[in-house]
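What follows is a set of notes on a single structure, which appears directly below.
Just so it is clear, none of the values below were taken in a lab; they were calculated from the coordinates. The structure presented is a predicted model; accordingly, all values stated were derived computationally and were not measured. Note that each Cβ is placed from the backbone with ideal geometry, even for glycine, and that neighbours are counted across all protein chains shown.
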Amino acid sequence: MQLSTAEENYLKAIYKISEKKKDTVSSKEISKMVETSAASVTDMLKRLAEKKLINYEKYRGVSLTDEGMDRATRLVRKHRLWEVFLVERLHFGWEEVHEIAEQLEHIQSEELVDRLEKHLDFPKFDPHGDPIPDKEGEIAVRPQVPLSELNPHDVGIIVGVNNTDTEFLLFLEDMGLVLGKQVNVLKKFDFDNTILVQIKNGEKHTLSSKVAKNISIQIKV
């Protein structure tokens, strides 16, 4: 069954939202992610339900069927592999690759994707720290928590970001808060949950609660 680019984008959006919350997905959440009206979302969900790609009942949330999950997983796999390729081989910045990968993910050749994965030496995570499904749809799992949940004297490694907006990624890069960087929590301020951190080169940064919530950390023990 051939799907349109729009249909594939909706499946991927549902996958990505459910990936974070492990629950059914609301039409409002989908509307926000695909940046379109609630009425357009409803029409598309009905279409996907007719094709048996989602379980959909108005006001009760959306989930992917087995077929829908398979389709969405393959899309996400392609997208994240292309992001790795663009960063590691073509030296794009991590803030530049999302839109390009959005175009490349709709290439249908599974042989190309398999060769791409092998060429990249089977990466487990993309440049933003999101897991890359393998050919069987399995993903690597690692313990990680938001930076906002760390306590003073905790030390960890930045392994992901929950916000991939260009402005946010450039903001982090300017401060040296990139994947693989070690951070030490020096202080937390009860007044507004601001957090003071020090990165391995000695620089200190005061981060808002909003920023800290969007940085994923693997705690060093």
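Taking each residue as 0.36 nm, the span from N151 to K28 lengthens on full extension beyond its C-alpha to C-alpha distance by 40.9 nm. For the stretch 93-99, 3J(HN,Hα) computed residue by residue from phi via the Karplus equation (6.51, -1.76, 1.60; θ = phi - 60°) reads x, 5, 7, 9, 8, 4, 5 Hz, glycine and proline entered as x. Here the contact order of the stretch 145-219, divided by its residue count and restricted to Cα pairs under 8 Å and six or more residues apart, works out to 45 percent.
Diffusion coefficient (Stokes-Einstein, Kirkwood radius over C-alpha pairs, 37 °C, 0.692 mPa s) for the stretch 29-73: 304 µm²/s, rounded to a whole number.
Relative contact order for the chain: what percent, with Cα pairs under 8 Å and sequence separation of 6 or more?
It rounds to 15 percent for the chain.
Applying D = kT/(6 pi eta Rh) to the stretch 88-156, where Rh is the Kirkwood radius over alpha-carbon pairs, T corresponds to 4 °C and eta to 1.567 mPa s, the Stokes-Einstein value obtained is 88 µm²/s. Evaluating 6.51 cos²θ - 1.76 cosθ + 1.60 at θ = phi - 60° for every residue in the stretch 186-198, the Karplus couplings come out as 8, 7, 10, 9, 4, 4, 9, 6, 5, 10, 9, 10, 10 Hz, glycine and proline recorded as x.
Take each peptide in 44-52, 162-170, 207-215, count the other Cβ atoms within 10 Å of every residue, and average; sorted highest first, the result is 207-215, 44-52, 162-170. The alpha carbon gyration tensor of the stretch 5-64 gives principal lengths a ≥ b ≥ c with a/c below 1.5, which makes the shape rounded.
Roughly speaking, what is the stretch gain from Q103 to N201, that is 0.36 nm per residue apart minus the C-alpha to C-alpha distance, in nm to one decimal? Write out the running numbers ahead of the final one.
On the way: separation 98, 0.36 × 98 = 35.28 nm, distance 3.73 nm.
The span from Q103 to N201 would gain 31.6 nm if fully extended.
Relative intensity of the stretch 145-219 on a log10 scale, I(q)/I(0) at q = 0.20, 0.23, 0.25 Å⁻¹, equals -0.76, -1.03, -1.24, per a Debye sum over C-alpha point scatterers of equal strength in the absence of solvent.
Amide hydrogen proximity for G160: with H placed 1.01 Å from N in the peptide plane, the residues at 5 or more positions away or on another chain lying under 5 Å are S216. Straight-distance candidates among the aspartates and glutamates for linking to K52, with alpha-carbon spacing under 18 Å and chain neighbours fewer than 8 residues away dropped: E7, E8, D43, D66, E67, D70.
The simple Förster model, with R0 at 30 Å and r as the Cβ-Cβ distance, assigns T5 and A140 a FRET efficiency of 0.60.
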